[in-house]
Amino acid sequence: MDRKEILKKSKRRRILREHAQLYGMMAPVLIHIFIFSYVPLYGILIAFQDYFPGASFLSFSGNTHWVGLKHLYKFVNSIYFGRLLGNTIRLSLLNLAFGFWIPIAFALLVNEIPYRKYKKFVQTASYLPHFISTVIVAGMVLSFVSKDGLVNSVLSVFGVKAQAWNVKAKAFPTIYTTTNVWKSFGWGAILYLSSISSIDPNLYEATRIDGANRWQQMIHITVPLIKNTIAINLIMSIGGILGANSELILLLYNANVYKTADVFGTYVYREGLLSGSFSFGTMVGLFTQIINFTLVFGANWLSNKLTDFGLW
Amino acid sequence: MNGQMGNAALRHRNRIRNGSRVADAIICCVSAVLCFITLYPMYYILVLSLSSPQAAATMKVYFVPDGLYLDSYAMLVKNSQIWRAYGNTLIYVSSELVLRLVSCLLMAYPLTVKGLRGRKFVVIYLLIPMYFGGGMIPNYLLITKLGMYNTMWALIIPGAISIWHIILMRTYLTSLPDSLRESAFIDGANHFQVLAYIYTPVVKPIIAVISIYTIVGVWNSWFSSMIYQTNTKIQPLQMYLRRVLVDMEVDISSVKSGMTMDEIAAAVKQNQLAHQIRYSMIIFTTLPVLFTYPFFQKHFVKGVMLGSLKE
């Protein structure tokens, strides 16, 4: 061996040692992710079995009782399927209909506030609900919509008779959407506000010389320049259509309003976990995940087509 | 950053010359209404918690408390359950904080080393769980099988790592100059030393972002506890609040037949206090967050920005 080759070899050995060190560093995290993220993924197998508690997810001794898509058929044909699908889509679309444009409008509004300190105050105040825990928000909302609550006091001004709104199935979508929008609109506006703040002020200057007023500046400069941010958020929201905020719904709903409030997420919890139908519940969860993922891909594809912009 | 501020100030000045006074007035009024909508519910709860128990029970005070009654707060402070729940939450928050920060550093640093073999695979390995999860039931079965069901570990161990935070950290570390590391290598340091002595001190801003996200997130979480813990002694604060505020498990029907008038009066008062204690509890457990978030908001905003960077 000549000198060059020896040098090359020792360099390779050094790099190998270095990389072993780096992988050693990552090992605990990689193992953790394997156990707590990949093992549950593999656990999805029970959706295709008649799993009984205590069995292993997969055994080759013949104990595993494979049933194919039985649980999927059972779910799709069950009387709850239509109701769950309807509720999930209704609540998500309502949330999309309001939760999507309100942060944009709010960001545009805040951007136009002429007084600096006041602008800051408005923004800080709008974040507040984001920091209050869901449990407390739900507790507040439940007390507001009760018979003696704030909502009835306000409505009585308009001559509406006091009633307990929390047990009215018809009122649930409104209560849910309002709560969700109230909790998240200020936080949702952050991204838009920061992309607005990175717009070159010379653009505004130039259009003003051309005689554009404030409204025209907003429509022709601000909005087109935050289009990409809007597109990303739209894709993400569309992907979440079957993932209605079940944490909030679990806190707000009760048996009286299942008719309009029960969604896939809450159904998985009740049927799968509380009643112990593990395989069936896992299948319902898998079903919603696959549809969600397809929707994200679809929305992203569409966005790429229409605006040359997407997540991937 | 400075340049941006300058630009903003410039635009600001232009605006005042630009817009009409009427438009300004309308904008300010609309945003004032929005502020009222976001702040009033919390203020209303505060007013109820300070009013007389009778007024609080009927919820008919709106802007100024009818006096200053602190009985419900006194009751709250004497409640041992709430202190235990507070203590549990502190345990969860502090352990998650330490574990997540350490894991973020250990995982993100190697991913910034150029030429690391298999780096692409590791990144994909990290990204897959962000899009696909096993779901509630496989996770539940896993926790049960690991013997963590109904222990504090059921919350601590699975939450010890947050892939999203790792990616935030990696994005930040990638923005640091390579020369930082190179110079330490010339002095004979190894990767562990570089991470511990060179990188950790300079990543304080991102550590602040991740810490605040973790603290607020863990402080407000309750769902995993509901699934994995049935023992109320180890449940965090939010679970206790859920029992009191949402499930209304506090017994308020204490009026029984065969009571004397005095006893009934006392029972009714007790009843009203039990109602009011809910409002005091909301205030009492939200105050720490309310007082601190305005000071931390710049870090939050930074986190949102970093998280939105396209990979």
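Structure data summary
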read-out: Span from the region A:87-138 Cα centroid across to the region B:197-248 one, whole angstrom; value: 23
read-out: Proxy reagent accessibility, fewest Cβ within 10 Å first, across A:Met236, B:Met239; value: A:Met236, B:Met239
read-out: In region A:117-162, the trypsin sites (Lys or Arg not before Pro) that fall in loop regions by DSSP, at most 13 other Cβ within 10 Å; value: A:Lys147, A:Lys161
read-out: Separation between Cα centres of region B:145-165 and region B:78-108, rounded to whole Å; value: 12
read-out: Simple Cβ-charge dipole of the protein assembly as shown, Lys/Arg +1 and Asp/Glu -1, about Cα centre, in debye nearest 20; value: 1400
read-out: Relative contact order for chain B, counting Cα pairs under 8 Å that sit 6 or more residues apart, in percent; value: 29
read-out: Partners for A:Lys227 among lysines (Cα-Cα distance below 30 Å; same-chain residues under 8 apart left out); value: A:Lys117, A:Lys119, A:Lys120, A:Lys183, A:Lys305, B:Lys298, B:Lys302, B:Lys310
read-out: Lys, Arg +1 and Asp, Glu -1 on Cβ, resulting dipole of region B:34-123 about Cα centre, debye, nearest 20; value: 820
read-out: Mean Cα-pair separation over length for chain A, i.e. relative contact order, pairs under 8 Å, 6 or more apart, %; value: 24
read-out: Alpha carbon centroid spacing (whole Å) that separates region A:25-40 from region A:280-304; value: 25
read-out: Relative contact order (%) - region A:187-312, alpha-carbon pairs under 8 angstrom, separation at least six; value: 25
read-out: Net charge of Cβ neighbours under 13 Å - reference B:Leu176; Lys, Arg +1; Asp, Glu -1; value: +2
read-out: Net charge of neighbours whose Cβ lies under 11 Å from the Cβ of A:Gly281, counting Lys and Arg as +1 and Asp and Glu as -1; value: 0
read-out: Karplus-derived HN-Hα couplings along region A:93-108 (A = 6.51, B = -1.76, C = 1.60, θ = phi - 60°), whole Hz, x at Gly and Pro; value: 5, 4, 5, 5, 4, 9, x, 8, 7, 4, x, 5, 4, 5, 4, 5
read-out: Long-range amide H partners of A:Gln49 with built H, under 5 Å; value: A:Val67
read-out: Label zone at A:Trp301, where the point sits 7 Å out along the Cα-to-Cβ direction: region A:228-263 residues whose backbone N lies under 17 Å; value: A:235-236, A:238-240
read-out: Cβ-defined net charge surrounding A:Thr134, 10 Å radius [Lys, Arg +1; Asp, Glu -1]; value: +1
read-out: Chain B - convex hull of alpha carbons, volume per residue in Å³; value: 211
read-out: Charge dipole (debye, nearest 20) of region A:106-246; +1 at Cβ of Lys and Arg, -1 at Cβ of Asp and Glu; value: 400
read-out: Peptide A:121-130 - average C-beta neighbours from other chains (10 Å radius); value: 6
read-out: Residue-averaged beta-carbon neighbours from other chains (10 angstrom radius) around B:42-52; value: 2
read-out: Inter-chain shielding of B:266-279 (mean C-beta neighbours from other protein chains, 10 Å cut-off); value: 1
read-out: Order by protection proxy (mean Cβ within 10 Å, highest first), peptides A:13-21, A:184-192; value: A:184-192, A:13-21
read-out: Across A:Lys70/A:Lys168; B:Lys60/B:Lys269; A:Lys259/B:Lys145, pairs whose alpha-carbon gap is larger than 27 Å; value: A:Lys70/A:Lys168; A:Lys259/B:Lys145
read-out: Distance in nm between pseudo-label sites at B:Leu290 and B:Lys204 (7 Å out along the Cβ direction from Cα); value: 3.1
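Each value in this text was obtained by applying a stated rule to the coordinates, not by laboratory testing. The shown structure was predicted, so the numbers you read here are calculated from the model rather than taken from an experiment. Here Cβ is always computed from backbone atoms with ideal geometry, including for glycine, and neighbour counts include all displayed protein chains.
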